[in-house]
Structures are given as C-alpha cells and as structure tokens.
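Asker: Following this message is one structure expressed as structure tokens.
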C-alpha cells in the first residue's frame, strides 16, 4: 500500500509560479533520483475558489518501509542531503511555511502508476477536504466507493485519490480530475438540478462533519508569473 | 430569478491600505484593454471591515459573473497562450496592498438581487452585516427559503434590506448572506429587536436550531462603491446639486 505526503504551502508575494517551477524542474527530479519519492502533482490553488496564494504538492512513496527509508535519507538535510537543504533554503524566497498531511490511500484509490497507465489527464483538480464524524470515515469511504464513484465517473470525473490521514482520526482527502474548464462549468451549471448529486449531498451528514471543495490546476508549461 | 454567480473574495489587506487596495483592484477589473470572457465581470460590491464584530482588517470584493464567464476568466490565468498579462502585472505591482485572501464561488438564492436590481432601487448603506454560516448537509436551501419568508419582512421593518443570499459552490454546508443598513441606527434597532420582535424571535429560534458555526463581519462600503450612496443628490455631500 502506497503512502502519500500532501503539502499545503503558503506563498510569499508573487512566488507561486517560481516555486512550482522549482518543484517540477529541480526538487522532484532530485527526490525521485535520490530517494525514489514520486511527484504526483504540483498544483496552484485556484484563488477564486479557496485560499491564495497557495501551492499544493502531492508525493507518493511505495509503502511505509519506503517512507521510512526516504525520510531517513533526507533528515537532517544539512547532513544527509545537502542538495535538498540548498533547495529548501533557496525556496524561502517563495514560501516560509506550510502544512503537511501524511496519508494512507483507501482500497479503491488508484496509485500514480495506475493513473498513468489509464492516462488520467486533465487540467483541473477538484480537491475535497473531508472531516468525518467520530468513527465514521471508513463508512464514508465505503459509500464513496459504492455510491458516489459511479455517479462521479458518469459525469466525467476521474478519481486521482481518496485518502485517510495516517495520524488524525476522521480527516480525509479526495482528489478528482476534471478534463478542463468547460467540464467544470458543465458540472457547476448542472449541480442545482442534478437529482442524483443532490441526494448524495443530502446524506453526507450521516458520515461527515464537513466537506470543503476547491480547485487546483496543473500549471502550464511556462512558469506562472503570479 | 437571479441567473448569475458571484466571486466572493476575503482579502487580507496590508493594514491601513484597504481603500487603496479596493480602488486598485477595481481599476484592473475595469481595465478595458484586458480581454475578457464572453461576459465581463462586474463589481457587485466592495467593502471593508468596520472592526465592530469579526476579523479585521480586511476587504471584501464581490464580482458578478456567469459560469461560462468565470470558467473563461480562470482558464486565462493558467494557460500558456493568451495570458492575462495586465492582471499578472497588477498582481505583482500591488503586493504592498494585500497579503493574500480566501475566495468562494457563490450561487444566489432565486430571490437574491442582481447588481442591476440593486442599482435600480438605489440600494445603499452605511453598515452591512456579512455572515458565513455552516449548516447541516441538505439544510442550506431551506435556510435561504426561511430567510426569505421569516427574516426579510421583519428586517425590512427595521430598515434592513437584503443585498445578497447565497449558497457556496463545492462547499455544501455553507451559506453566505449580506444585509444592508442605510444607517447605523437601523442595524442597532434590528439587533435590539432580536429578542422583542416576535417574527425576529421565531427566526432566531430556527437559526439557533440549525447553525453549527458562523463567521460574521460588520462592513462598511468602499468609498467609491455605489452602495455607499443612494445616488440621490442629498447623499452626495458638497458636490450635490442644489
């Protein structure tokens, strides 16, 4: 079973594009080469739908043994990985703080290799922060797989991952891939009148305390300037 | 029926720079040289915190748009071709005015007025009560129906008018409401009557039974915003016609 680290990074000033470019061109290749850690995505939070300026980074490791080995190889950076320490310090100009989540995938969550093999591509990521009622996250995930996943796939959404926090009971994360902005517009325009989605939303209270959705994007090939 | 959607922004302004920030962001949105989506976004209202209740300092921008216009606006921010360079320039030039923010996409209740309707009726105020509410799943629609039926008639008797009532896209528990008071005395009267006016008491009983969490801000309008003035000559001060 794979293990994931999801990072929420608060950006300083206009550093969002520069940090993403650094992650894509230097940081991720280094981590994969030296520690086998794979970049699932480096996304810009769409400020019109959530917190800004912000970057989200999603890393994948094979399992807990790989997680342990990769972190052992990195920390403390000043001794074990001076190249990474230098990158970390260079990035201070773009970010000074963040928050990470250590995540376990649900049984129905595809890993990076599966998503790549199925060519799951899209410009827009729907990110859902999940907070379950005490003890109800497993039941929510079961319903998500059995009831919502077929509805979502029928509407063109592809599951990038559904996760439970490894340390915080009741905290989860869902990531969905949307084809493009027209796909998002179609979904939003249809939501109010979509009886199946309304019925699903009506019953979320059986499992969840809250669900917060916002969008993130895979940045274009050239660096964002904001 | 209001067919629009709204981009709602809470801005962490640099303290003391609220008015310059709001004027600056309005200028970039009104910049005619920028290519727009098929429907240009208009300023529905701009406000800043009064420091009376809730977090401060901060500014609120609300922009009226359509789903297709919003999608086009967002697409242009994250593509290689046809970039919105005017917006990029503005973003990086004005870091001294704002530090960050938190945005939502709002879907109006059917009875929530459009920008044109507010302008037409000369809606204005000195104080605005802005609330974000967390309700049980499935309750937001009913909450807005109850607001229209149970709150608004009573609020109007105290000089309070509806500026907007919305659900929040992709956040199924949230509702956002904005009420306007032409005078601070109207807001005071409205709040005082919560315990004495039978209709307001009934509203607050319902509200207390379902609101799990709320965040309020008392706002004042941006100086340049049409909501700061009724448009009547008597409200224009020294520049008004005799």
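The values are calculated or read from the model by the stated rules, or taken from the named source; none is laboratory data. Only a predicted model underlies this, so the values are computations on that prediction, with no experimental measurement involved. Here the Cβ is made from the backbone with ideal geometry for all residues, glycine too, and neighbour counts use every protein chain on show.
Asker: Considering only segment B:113-124, I want to know if a residue exists there that is under 27 Å from residue A:52 (Cα atoms), touching a strand residue (DSSP E or B) at 6+ places or on another chain (Cβ under 9 Å) and at the interface with chain A (Cβ under 10 Å from one of its Cβ atoms).
Answerer: Among the residues of segment B:113-124, not one is under 27 Å from residue A:52 (Cα atoms), touching a strand residue (DSSP E or B) at 6+ places or on another chain (Cβ under 9 Å) and at the interface with chain A (Cβ under 10 Å from one of its Cβ atoms), which makes the answer no.
Asker: Could you say which residue among A:157, A:175, A:215 is surrounded by fewer than 21 Cβ atoms within 10 Å (Cβ to Cβ) and at pLDDT 95 or above?
Answerer: Answer to the selection: A:157.
Asker: Go through (1) surrounded by fewer than 22 Cβ atoms within 10 Å (Cβ to Cβ); (2) modelled with pLDDT of 95 or more; (3) more than 10 Å from chain B (Cβ to nearest Cβ) and name the single condition residue A:1 misses.
Answerer: It fails just one condition, (2).
Asker: Being crowded, with 21+ Cβ neighbours inside 10 Å and either part of a helix (DSSP H, G or I) or modelled with pLDDT under 95 (or both) is true for just one of B:200, B:219. Which residue is that?
Answerer: Testing whether each residue is crowded, with 21+ Cβ neighbours inside 10 Å and either part of a helix (DSSP H, G or I) or modelled with pLDDT under 95 (or both) leaves just B:200.
Asker: With the structure loaded, tell me whether residue A:84 is assigned to a strand (DSSP E or B), more than 14 Å from every other protein chain (Cβ to nearest Cβ), at pLDDT 95 or above and in contact with a helix residue (DSSP H, G or I) (Cβ under 6 Å, 6 or more places away or on another chain) or whether it fails that test.
Answerer: When the stated conditions are applied, residue A:84 does not pass them.
Asker: Based on this model, can you work out whether residue B:118 counts as touching a residue at least 60 places away in the same chain (Cβ under 8 Å), outside any loop (DSSP other than H, G, I, E, B) and over 27 Å from residue B:196 (Cβ atoms)?
Answerer: It is true that residue B:118 is touching a residue at least 60 places away in the same chain (Cβ under 8 Å), outside any loop (DSSP other than H, G, I, E, B) and over 27 Å from residue B:196 (Cβ atoms).
Asker: Further question: Would you mention how many residues in segment A:167-202 are facing another protein chain (nearest Cβ under 10 Å) and either touching a residue at least 60 places away in the same chain (Cβ under 8 Å) or within 15 Å of residue A:44 (Cβ to Cβ) (or both)?
Answerer: Counting residues in segment A:167-202 that are facing another protein chain (nearest Cβ under 10 Å) and either touching a residue at least 60 places away in the same chain (Cβ under 8 Å) or within 15 Å of residue A:44 (Cβ to Cβ) (or both) gives 3.
Asker: Pick from segment B:51-90 the residues that are more than 14 Å from every other protein chain (Cβ to nearest Cβ) and surrounded by fewer than 18 Cβ atoms within 10 Å (Cβ to Cβ): which of them is nearest to residue B:19 (Cα to Cα)?
Answerer: Top of the filtered list is B:57.
Asker: Right, next: Please pick out the residue among A:21, A:79 that is part of a helix (DSSP H, G or I), surrounded by fewer than 19 Cβ atoms within 10 Å (Cβ to Cβ) and within 14 Å of chain B (Cβ to nearest Cβ).
Answerer: A:21
Asker: Which condition does residue A:140 not pass, out of (1) within 25 Å of residue A:112 (Cβ to Cβ); (2) at the interface with chain B (Cβ under 7 Å from one of its Cβ atoms), if it passes all the others?
Answerer: Of (1) within 25 Å of residue A:112 (Cβ to Cβ); (2) at the interface with chain B (Cβ under 7 Å from one of its Cβ atoms), only one is false for residue A:140: (2).
Asker: Say we look at segment B:10-34 and pick out the residues that are in contact with a strand residue (DSSP E or B) (Cβ under 9 Å, 6 or more places away or on another chain), touching a residue at least 24 places away in the same chain (Cβ under 8 Å) and part of a loop (DSSP other than H, G, I, E, B); which of these is farthest from residue A:52 (Cα to Cα)?
Answerer: Top of the filtered list is B:17.
Asker: Here's something else I'd like to know. Return yes or no: is residue A:167 buried (at least 20 other Cβ atoms within 10 Å of the Cβ) and not in a strand (DSSP E or B)?
Answerer: It is false that residue A:167 is buried (at least 20 other Cβ atoms within 10 Å of the Cβ) and not in a strand (DSSP E or B).
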